[in-house]
There are 2 protein chains.
Amino acid sequence: MEVTLPAIRAFVAVAREGSFGAAATSLGVSQPTVSAAVRRLETVVGRPLLVRDRDGVRPTELGRRLLAHAVAVVSATDDFETLLTGETPELTVGFMGEAAGPLTSRLLAVVRRACGGEVRLRRFDFDDPSCGLLTGASDLAVVWPPLETGDALETRPLRTDPRAVAVPLGDPLAGLAAVGPADLAGRVWVVPRSRDEVWRAFRRPGAAGVTDVAGEVGSDAIEETLELVAAGRGVALLSEGTDEHYARAGVVFVPLSGGQRCSTALAWRRADTRPVLTGVLRALGAREWLPE
Amino acid sequence: MEVTLPAIRAFVAVAREGSFGAAATSLGVSQPTVSAAVRRLETVVGRPLLVRDRDGVRPTELGRRLLAHAVAVVSATDDFETLLTGETPELTVGFMGEAAGPLTSRLLAVVRRACGGEVRLRRFDFDDPSCGLLTGASDLAVVWPPLETGDALETRPLRTDPRAVAVPLGDPLAGLAAVGPADLAGRVWVVPRSRDEVWRAFRRPGAAGVTDVAGEVGSDAIEETLELVAAGRGVALLSEGTDEHYARAGVVFVPLSGGQRCSTALAWRRADTRPVLTGVLRALGAREWLPE
DNA sequence: CTATGCCGATAGCCGGAGGCTATCGTTGCG
DNA sequence: CGCAACGATAGCCTCCGGCTATCGGCATAG
């Protein structure tokens, strides 16, 4: 039994679409093919990766841990094939993190319809807050403001979530309904290594700022952050929306008091005036595609 | 015709080993299997990726461009499979760049023999000068000193190469036998984005320092650096050894006068005292395996 | 000049991955 | 109760990716 590329693709697609059928459509193959691919993968592991129950399919704890790496494989392969065949995708969409979830899949559906040509998906970690927009690695991205990019990029808000603090299971804070600066004093924090505007603002005195920080641990990706939190290495400043897609046993999200919210936004290069992009942006302007 | 994982693996192995037979051995498959895999890949592209001539196999211009991405695919897949099967590799060896060449393959052979268990290869870009040693992503690495890591890492020199400047074909400097600071005044430089100790030293007045710099362009990887140089976006400070494995049409390497050399070194965590590592280091102590 | 060996390509074979269509079992809902 | 949705199963075909055996080109040794 072998771990093959189509099987990994199928796994990622199912996790993203939340359905075997939808995954099959998005991959351009039949539904039984997707079922078989995922089953093969699960046979290799010996444990289930996806839970099929009423109301869709969700990854298991193990599946969620594997997902980020699976996306990396698919992304690297797509890159390779693009160079190999010389076909440049019409549009590349960048996402922070693994980009699994309803927002991603809905947005992609709209983009694919509006674009016509091939649309590529690319994952980015904390090391590039612009999700490849500045380097040209992507043309359109779902980013987490604020971005310190001057006026090179244009953004349009998509959604906002309450801020939350991720703490390990069993932490004294884990049971609270909400936490404030006083509760967070003397903590070690897991901090995005290369993206600390939000963090710096958080440490500023006043408002919800927490100044009593015992230490910082760097992290390059969401998954790593949650691993570190679960391991008790520190707590992290995230959003409640993160919990939806990255929920992980051993990590509890506690809302931050004070009503602070953090946003997710669409971004693109102001200088990019290609009809492809403007067309897609127009299609995305109608907000019906947004989940909820 | 499909781009499959084993085909990419075969391509990478042949490029690294410089021979179909050796690649087959290192992959644990037969030689015809490797031949067929590479041929399939070349059929997809429509152009040759590897040149077979007397004295070994070398990638073509196109092959070299694809190699870095192919390595990324293999690396991501290995990561994924490691998590999937739960088998942790005995030892992970980190390399800066694509790590194709005799040094890599010889070193790996010695490590594999001395280690016994599974040995993983992992590529790193400029964003991590320690090649994953500090984060635990690797246990042993081929790095480019100097490293600003305090005394966390121990290093052992492997080889030194003359420094050279990469300039685009057709540049006035391209024909010279050697260049000095005076020749390099007023240039735009392509600089590793996150690894500029060497660069800063280079800009210091005196010695071979060049102070008259017109601008800087950031780069995250060797391949990107050479792309930028070939495109005329700037010139880059590299080593003559780089030319051996990354030779690229459109880029000429001109030696730097003054006899400056840059070194390649083996590095590991000082705190890592596992028998696996010490055994491998002892095996690598006998220098017979070094190329040339 | 021939013999020998090295190395990659070719031929012919087989098992399994991965695709399809058709159909069944469950489950939720009108 | 019947229908629709969705995933699993069954049966079939193609081609990838592995093997062994062998051929062809090109060194180098005798």
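Counting just the residues of region A:27-64 that are among the β-branched types (Val, Ile, Thr) and more than 9 Å from DNA strand D (Cβ to nearest atom), which one comes out modelled with the highest pLDDT? First the steps, then the outcome.
Applying the first criterion (among the β-branched types (Val, Ile, Thr)) to region A:27-64 yields A:29, A:33-34, A:38, A:43-45, A:51, A:57, A:60.
Keeping just the survivors that are more than 9 Å from DNA strand D (Cβ to nearest atom) gives A:29, A:43-45, A:51, A:60.
On the way: A:29: 90, A:43: 86, A:44: 85, A:45: 85, A:51: 84, A:60: 82.
Per the stated criteria, the residue is A:29.
Of everything in region B:88-102, what is modelled with pLDDT under 80 and among the small types (Gly, Ala, Ser)? Give them in sequence order.
B:97, B:99, B:100, B:101
Working only within region A:32-43, note down all residues that are surrounded by fewer than 17 Cβ atoms within 10 Å (Cβ to Cβ) and more than 7 Å from DNA strand C (Cβ to nearest atom).
The answer is A:39, A:43.
Looking only at region B:69-83, decide whether some residue is more than 14 Å from chain A (Cβ to nearest Cβ) and either surrounded by fewer than 17 Cβ atoms within 10 Å (Cβ to Cβ) or away from DNA strand C (no atom under 12 Å from the Cβ) (or both).
no
Scan region B:56-65 for residues that are out of contact with any strand residue (DSSP E or B) (no Cβ under 9 Å at 6 or more places or on another chain) and near DNA strand C (Cβ under 9 Å from one of its atoms) and jot them down.
Residue satisfying the conditions is B:56 alone.
Looking only at residues in region A:259-271 that are assigned to a loop (DSSP other than H, G, I, E, B) and loosely packed, with under 15 Cβ neighbours inside 10 Å, which one is modelled with the lowest pLDDT?
Among residues in region A:259-271 that are assigned to a loop (DSSP other than H, G, I, E, B) and loosely packed, with under 15 Cβ neighbours inside 10 Å, the one modelled with the lowest pLDDT is A:259.
Hey, among the residues in region A:1-27 that are within 7 Å of DNA strand C (Cβ to nearest atom) and either of a type in the set (Asp, Glu) or assigned to a loop (DSSP other than H, G, I, E, B) (or both), which one's farthest from the other protein chains (Cβ to nearest Cβ)?
Residue satisfying both the conditions and the ranking: A:1.
I need every pair where a residue in region B:1-21 that is within 23 Å of residue A:9 (Cβ to Cβ) has its Cβ under 7 Å from the Cβ of a residue that is within 9 Å of DNA strand D (Cβ to nearest atom) and not in a helix (DSSP H, G or I), sequence separation at least 6 or different chains.
If the second residue must be within 9 Å of DNA strand D (Cβ to nearest atom) and not in a helix (DSSP H, G or I), the pairs left are B:5/A:4.
I'm trying to understand the selection: among the residues of region A:39-64, which are hydrophobic (A, V, I, L, M, F, W, C) and within 13 Å of another protein chain (Cβ to nearest Cβ)?
A:41, A:44, A:45, A:49, A:62
Restrict the check to region B:84-92 and report whether at least one residue is within 12 Å of another protein chain (Cβ to nearest Cβ) and assigned to a helix (DSSP H, G or I). Give the steps one after another, and end with the answer.
At the first step, the residues of region B:84-92 found to be within 12 Å of another protein chain (Cβ to nearest Cβ) are B:84-87.
Within this subset, residues satisfying the condition of being assigned to a helix (DSSP H, G or I) are B:84-85.
Yes; the residues of region B:84-92 include at least one that is within 12 Å of another protein chain (Cβ to nearest Cβ) and assigned to a helix (DSSP H, G or I).
Looking only at region A:161-201, which residues are under 10 Å from residue A:236 (Cβ atoms), of a type in the set (A, V, I, L, M) and either at pLDDT below 80 or in a loop (DSSP other than H, G, I, E, B) (or both)?
Selection gives A:191 alone.
Can you tell me how many residues in region B:8-23 are surrounded by fewer than 21 Cβ atoms within 10 Å (Cβ to Cβ) and among the aliphatic types (A, V, I, L, M)?
1
The values are calculated or read from the model by the stated rules, or taken from the named source; none is laboratory data. Worth saying up front: this structure is predicted, and the values here are computed from it rather than measured. Quick reminder, even Gly has a Cβ in these numbers, built from the backbone with ideal geometry, and neighbours come from all protein chains shown.
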